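The block underneath contains the structure these notes are about, expressed in structure tokens.
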Amino acid sequence: MIKARVKTRAQSALEYMMIVALALGIIVPTTYLFFRYSSESNIKLIDSQINEIGGSMVDTAETVYFSGEGSKIILEVNMPENVRDIYIISNRELVFNLTTNIGETEAVFFSTINITSTSCQDEICALTDIASLGLNKIKFQSFNEGKQVLISESE
């Protein structure tokens, strides 16, 4: 009688442990997949925002350029937090430097016109002042007899 009771308790404990192991075997991989999918979705969202902002900036610069000397447009953009820096290379490439959980990346937008900023050194012009998180007002102004567009932070 004592052996039967011990055997029943041992069997119950083993069945309980099997149920817990099965539940953990389902919950742990599901949680991992959920967090991974969530992280990838966040990266895609930031990438989409940067593509929209970069495209808008290049389009606005071209609009100001073709409008002629003295024309000016102020563009409002909501910059995501992952943008570390923005700069212009060779007056033709608008580069966004991003930091995400997968590493550091760059998004490059090509302009058909000459674009510049107020702080240039060699072939690189910094736009660090507009890379801050949140709502930023960016001023595009045609100058140099309409041959260039100056991009700067609007007051």
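Summary table below
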quantity	calculated
Which listed residue is surrounded by 10 or more Cβ atoms within 10 Å (Cβ to Cβ), free of Cβ contacts under 8 Å to residues at least 40 places away in the same chain, within 30 Å of Ser142 (Cβ to Cβ) and touching a strand residue (DSSP E or B) at 6+ places or on another chain (Cβ under 7 Å), from Ser56, Ser67, Ser48, Ser71	Ser56
Filtered residues of the range 74-87 (kept if surrounded by 16 or more Cβ atoms within 10 Å (Cβ to Cβ), free of Cβ contacts under 8 Å to residues at least 60 places away in the same chain and in contact with a strand residue (DSSP E or B) (Cβ under 7 Å, 6 or more places away or on another chain))	Met79, Asn82, Val83, Ile86, Tyr87
Residues of the range 68-83 satisfying the condition of being over 23 Å from Thr128 (Cα atoms), modelled with pLDDT under 90 and of a type outside the set (Asp, Glu)	Gly68, Gly70
Which numbered condition Ser142 misses (of (1) in contact with a Gly (Cβ under 7 Å, 6 or more places away or on another chain); (2) at pLDDT 90 or above; (3) outside any strand (DSSP E or B); (4) not hydrophobic (A, V, I, L, M, F, W, C))	(3)
Wholly enclosed strands (runs of 3 or more DSSP E) of the range 90-134 bearing at least 1 residues closer than 13 Å to Gly54 by Cβ and not small (Gly, Ala, Ser)	93-100, 103-110
Single residue of Thr100, Thr112 found to be surrounded by fewer than 17 Cβ atoms within 10 Å (Cβ to Cβ) and touching a helix residue (DSSP H, G or I) at 6+ places or on another chain (Cβ under 6 Å)	Thr100
Condition met for Thr60 (part of a helix (DSSP H, G or I), modelled with pLDDT of 85 or more, among the hydroxyl-bearing types (Ser, Thr, Tyr) and within 21 Å of the chain's Cα centre (by Cα))	yes
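The values are calculated or read from the model by the stated rules, or taken from the named source; none is laboratory data. Computed from a predicted model, the values in this text were never measured in an experiment. Using ideal geometry, Cβ is built from the backbone for each residue, glycine included, and neighbour counts are taken over all protein chains shown.
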